[in-house]
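Asks: Here you go, one structure.
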2 protein chains.
Amino acid sequence: MIVRDFNKITLEEPERVVSDAKWSSVRMLLADDGMGFSFHITFLEAGSEHTFEYKNHFESVYCMQGTGSITDLGTGETHEIKPGVMYALDKHDRHTLRADEELVMACCFNPPVTGNEVHQEDGSYALSDS
Amino acid sequence: MIVRDFNKITLEEPERVVSDAKWSSVRMLLADDGMGFSFHITFLEAGSEHTFEYKNHFESVYCMQGTGSITDLGTGETHEIKPGVMYALDKHDRHTLRADEELVMACCFNPPVTGNEVHQEDGSYALSDS
């Protein structure tokens, strides 16, 4: 059994905390944990906007805190984000996520993120063997 | 893109809400959503105790609210559960979960739960083709 405490990770395992432009994410589970998915707690700064397209991954995102919106760039449809709302990118949907208030999200990725990916210019994560 | 609101599901999609002895769970994502994992928001009643062993699944559980403890029945080790603590059953670990206060947990399963499983006497879910 793996047990990890989000509150301790930032102090004891800073390598699990990644940040980029106006977001940061705590990697609670990665590929090498052998679960077949990865699990992340992600913070998006109030007032920020992010365009992602995970061409190689499925991702689900559950809002625990904050408000904002998501636009599906394929359909043009916009959905409100608030606590309790989940979106799942089952078609690797290119999307723009906006945080009106700081968003705190619980995210699952399949295949699991290894921790070595970087966001590419198109907003995707490349697959990684390492 | 799939978008689901926990707050609406209990009213509009009661078939996504399952309950058993002193726990209930809202199925935000199931196998037929095609994500390769399932995602659930699960409530465990204050004062309740639950023994599970997911022989056929990996499960991660992130505590969003409440306090309690988990005992790994293989090792005898007990861990505190509070907001921010995650446990992951990477060895299909048989375990007892205790809710001192009501626990609200975000759970991921791989393979994804289909919605047709039942907890067996040994605390596992059988695999299901349907």
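The values are calculated or read from the model by the stated rules, or taken from the named source; none is laboratory data. Everything quoted here is computed from the prediction, not taken from an experiment. Glycine also receives a Cβ, built like all others from the backbone with ideal geometry; neighbour counts cover every protein chain displayed. Calculation scope for accessible area: heavy atoms of the full protein, side chains included, ligands and nucleic acids excluded. Shrake-Rupley method; radii C 1.70, N 1.55, O 1.52, S 1.80 Å.
Here is a yes/no grid of residues against (1) more than 21 Å from A:Pro111 (Cα to Cα); (2) out of contact with any helix residue (DSSP H, G or I) (no Cβ under 9 Å at 6 or more places or on another chain); (3) modelled with pLDDT of 95 or more:
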residue: A:Pro14; (1), (2), (3): yes, yes, no
residue: A:Asp32; (1), (2), (3): no, yes, yes
residue: A:Ile41; (1), (2), (3): no, no, yes
residue: A:Tyr62; (1), (2), (3): no, no, yes
residue: A:Ile70; (1), (2), (3): yes, yes, yes
residue: A:Thr75; (1), (2), (3): yes, yes, yes
residue: A:Ile81; (1), (2), (3): yes, yes, yes
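Asks: Where residues in region A:51-93 are open to solvent by 30 Å² or more (accessible area, probe 1.4 Å) and in contact (Cβ under 8 Å) with a residue 40 or more places away in the chain, which of them is nearest to B:Asp33 (Cα to Cα)? If you could, list the steps in order and put the result at the bottom.
Replies: Taking region A:51-93 as the starting set, the residues that turn out to be open to solvent by 30 Å² or more (accessible area, probe 1.4 Å) are A:51, A:53, A:55-56, A:58, A:64-65, A:67, A:73-80, A:82-83, A:90-92.
From the residues that got through so far, the ones that are in contact (Cβ under 8 Å) with a residue 40 or more places away in the chain too are A:51, A:53, A:55-56, A:58, A:64.
Working: A:Thr51: 23, A:Glu53: 19, A:Lys55: 17, A:Asn56: 17, A:Phe58: 11, A:Met64: 21 Å.
Across region A:51-93, the extreme among qualifying residues is A:Phe58.
Asks: Could you grab me the full set of residues in region B:83-130 that are at pLDDT 95 or above and hydroxyl-bearing (Ser, Thr, Tyr)?
Replies: Result: B:Tyr87, B:Thr96.
Asks: When you scan region A:26-88 for strands (runs of 3 or more DSSP E) that lie fully inside it, which ones turn up with 1 or more residues that are more than 11 Å from the chain's Cα centre (by Cα) and more than 18 Å from A:Glu117 (Cβ to Cβ)? Steps first, answer last, please.
Replies: Values: elements: A:38-44, A:49-52, A:58-65, A:68-72, A:78-81, A:85-88.
In region A:26-88, A:49-52, A:58-65, A:68-72, A:78-81, A:85-88 are the strands (runs of 3 or more DSSP E) which contain 1 or more residues that are more than 11 Å from the chain's Cα centre (by Cα) and more than 18 Å from A:Glu117 (Cβ to Cβ).
Asks: Also, quick follow-up: Looking at A:Ser19, A:Ser48, can you tell me which residue is free of Cβ contacts under 8 Å to residues at least 24 places away in the same chain and away from chain B (no Cβ under 14 Å)?
Replies: Numbers: A:Ser48 fails: free of Cβ contacts under 8 Å to residues at least 24 places away in the same chain.
When all the criteria are applied, what remains is A:Ser19.
Asks: Follow-up. Starting from region A:94-120, take each residue that is under 21 Å from A:Phe37 (Cα atoms) and more than 12 Å from chain B (Cβ to nearest Cβ) and list its partners that are modelled with pLDDT under 95 and crowded, with 17+ Cβ neighbours inside 10 Å, counting only C-beta distances under 6 angstrom and pairs at least six apart or across chains.
Replies: If the second residue must be modelled with pLDDT under 95 and crowded, with 17+ Cβ neighbours inside 10 Å, the pairs left are A:Glu117/A:Tyr125.
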